[in-house]
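Data first, discussion second: the structure below is written as structure tokens.
Since every read-out is calculated from the coordinates, none of them should be taken as a lab result. Values in this document were obtained by computation on a predicted structure and should not be read as measured data. Quick reminder, even Gly has a Cβ in these numbers, built from the backbone with ideal geometry, and neighbours come from all protein chains shown.
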Amino acid sequence: MVPVKRIVLNSRPGKNGAPVPENFRVEEGTLVPDLEDGEVMVRTLYLSVDPYMRCRMNEDTGTDYLTPWRLSECVDGGGVGVVESTRCGALNEGDVVTFFSWPWQTHAVLKGTVLQKVDPQLVDGHLSHFLGAMGITGLSAFFGIREKGHVTKDANQTMVVSGAAGACGSIAGQIGRLDGCVTVVGICGSDQKCRTLIEDLGFSAAINYNTEDVPARLRACCPGGVDVYFDNVGGTISDAVISQMNHSSHVILCGQISQYNKDVPYPPPLSEEISEVLQRKNITRERFILLSYTDKLDAGLYELSQWVKSGQIKALETVTDGIENIGDAFCSMMKGGNIGKQIIKISEWKN
Ligand code: NDP
């Protein structure tokens with residue numbers, strides 16, 4: 001018998017409520033490691049908390065590709081772990097694997113076919129990167145820019161990134177710079193985050209939306225207007241950016257976190273004024289979803305890994321220890337408590 005801790009959904013925040021740690025509950029039990037053909041037992045190393053999970057806390061997620069979490073059932077999301085025993089021919093003991101629907105449990109029995117084996121060398125042994133810079137958020141930054149950003153070297157472009165100190169945003173700004181934007185401006189929620197963007201990640205300027213006049217600072221930081229906007233947040237911040245975008249410029253619609261605690265459809269409707277700006281200036285704003293690019297992910301991962309290994313991209317993380325703290329970590333991330341990718345460390349990887 002293997003002792004197990006798991007996290008279940010204790011209550012829902014309600015469609016217009018902010019999530020609280022009490023929405024989650026820790027349960028303890030045991031796991032019988034009797035595997036059926038094709039199954040493996042994994043030990044969880046790292047779990048991810050992500051903004052999209054807020055939709056899964058509602059009875060209805062509002063999208064067709066996300067299912068709601070059920071009350072009193074184990075919660076799931078991105079995870080990385082190590083195979084401890086196996087009855088799956090494709091996986092050996094010691095293999096490191098990831099899965100988009102990893103149960104929030106310290107150990108789990110899973111079907112081998114759903115797991116993706118990953119090479120620890122790709123991340124120099126820093127396995128949590130498979131949930132961040134070398135996982136969904138890094139890849140969203142990469143493909144968002146490559147597929148929707150129209151960044152062109154030597155075109156003297158200015159990029160603005162909102163949610164700039166978070167998992168997607170911090171990578172997006174660095175890719176924007178590497179791909180050729182001459183000015184990259186980040187918008188985020190604290191002075192410490194602003195300093196990190198400029199001093200550690202090479203952003204040209206940073207704006208604290210909690211203390212600064214965003215439209216005025218944008219005018220000062222982007223005197224030639226905005227050519228590419230990587231939008232993670234929506235709402236009034238995005239309205240301010242879009243109002244200063246150039247003719248035939250591009251919004252990368254990655255996410256709209258400022259609206260996730262509200263009962264609105266995705267993407268949330270824009271005001272008439274902002275819709276008019278988009279139309280008049282011929283600004284593209286197509287929906288972007290990483291799942292549409294599954295056939296290209298390996299190539300993207302390879303390119304990202306080269307940048308991360310060479311130090312051209314810094315992969316920042318905020319790491320919280322212990323599965324019992326994952327609810328707090330999720331709520332903290334939703335309110336801006338993280339710099340870089342919010343990770344929860346569950347157990348040590350003994351290579
Ligand atoms: P982050 O690491 O960026 O964490 C969320 C951040 O959002 C917080 O740190 C906080 O930073 C900011 N935030 C929270 N509330 C607000 C608000 N009201 N206004 C402005 N900023 C706010 O998360 P991710 O990088 O994982 O996700 C970023 C966005 O990308 C989300 O919208 C997410 O849904 C989206 N996404 C989309 C994908 C796709 O395929 N399209 C895939 C993955 C993510 P601060 O201190 O700056 O407020």
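Annotations
- Of all the residues in the stretch 145-160, those that are among the hydrophobic types (A, V, I, L, M, F, W, C), within 13 Å of the ligand (Cβ to nearest atom) and out of contact with any helix residue (DSSP H, G or I) (no Cβ under 7 Å at 6 or more places or on another chain) number 0.
- The stretch 163-182, residues that are in a loop (DSSP other than H, G, I, E, B), over 14 Å from T318 (Cα atoms) and touching a helix residue (DSSP H, G or I) at 6+ places or on another chain (Cβ under 8 Å): G163, A164
- Scan of the stretch 183-208 for residues that are assigned to a helix (DSSP H, G or I), within 12 Å of the ligand (Cβ to nearest atom) and either among the hydrophobic types (A, V, I, L, M, F, W, C) or touching a residue at least 60 places away in the same chain (Cβ under 8 Å) (or both), ordered by number: Q192, K193, C194, T196, L197
- Meets criteria (free of Cβ contacts under 8 Å to residues at least 60 places away in the same chain, within 12 Å of the ligand (Cβ to nearest atom), exposed (fewer than 14 other Cβ atoms within 10 Å of the Cβ) and over 21 Å from V49 (Cα atoms)) for R287: yes
- The residues on offer are L301, L270, L278, and the sole one that is assigned to a loop (DSSP other than H, G, I, E, B), more than 10 Å from the ligand (Cβ to nearest atom) and not hydroxyl-bearing (S, T, Y) is L270.
- When the strands (runs of 3 or more DSSP E) confined to the stretch 74-162 are screened for residues that are surrounded by fewer than 20 Cβ atoms within 10 Å (Cβ to Cβ), those reaching at least 1 such residues are found at 76-86, 96-103, 107-111.
- Residues of the stretch 304-335 classified as within 16 Å of the ligand (Cβ to nearest atom) and either surrounded by fewer than 17 Cβ atoms within 10 Å (Cβ to Cβ) or of a type in the set (S, T, N, Q) (or both), total: 6
- When the stretch 234-250 is limited to residues that are within 17 Å of G149 (Cβ to Cβ) and in contact (Cβ under 8 Å) with a residue 60 or more places away in the chain, the one that is nearest to the ligand (Cβ to nearest atom) turns out to be S238.
- Residue in the stretch 47-61 that is touching a strand residue (DSSP E or B) at 6+ places or on another chain (Cβ under 9 Å), surrounded by 17 or more Cβ atoms within 10 Å (Cβ to Cβ) and over 26 Å from L291 (Cβ atoms) present: no
- No other residue among G163, G173 is within 17 Å of the chain's Cα centre (by Cα), more than 10 Å from the ligand (Cβ to nearest atom) and not hydroxyl-bearing (S, T, Y) apart from G173.
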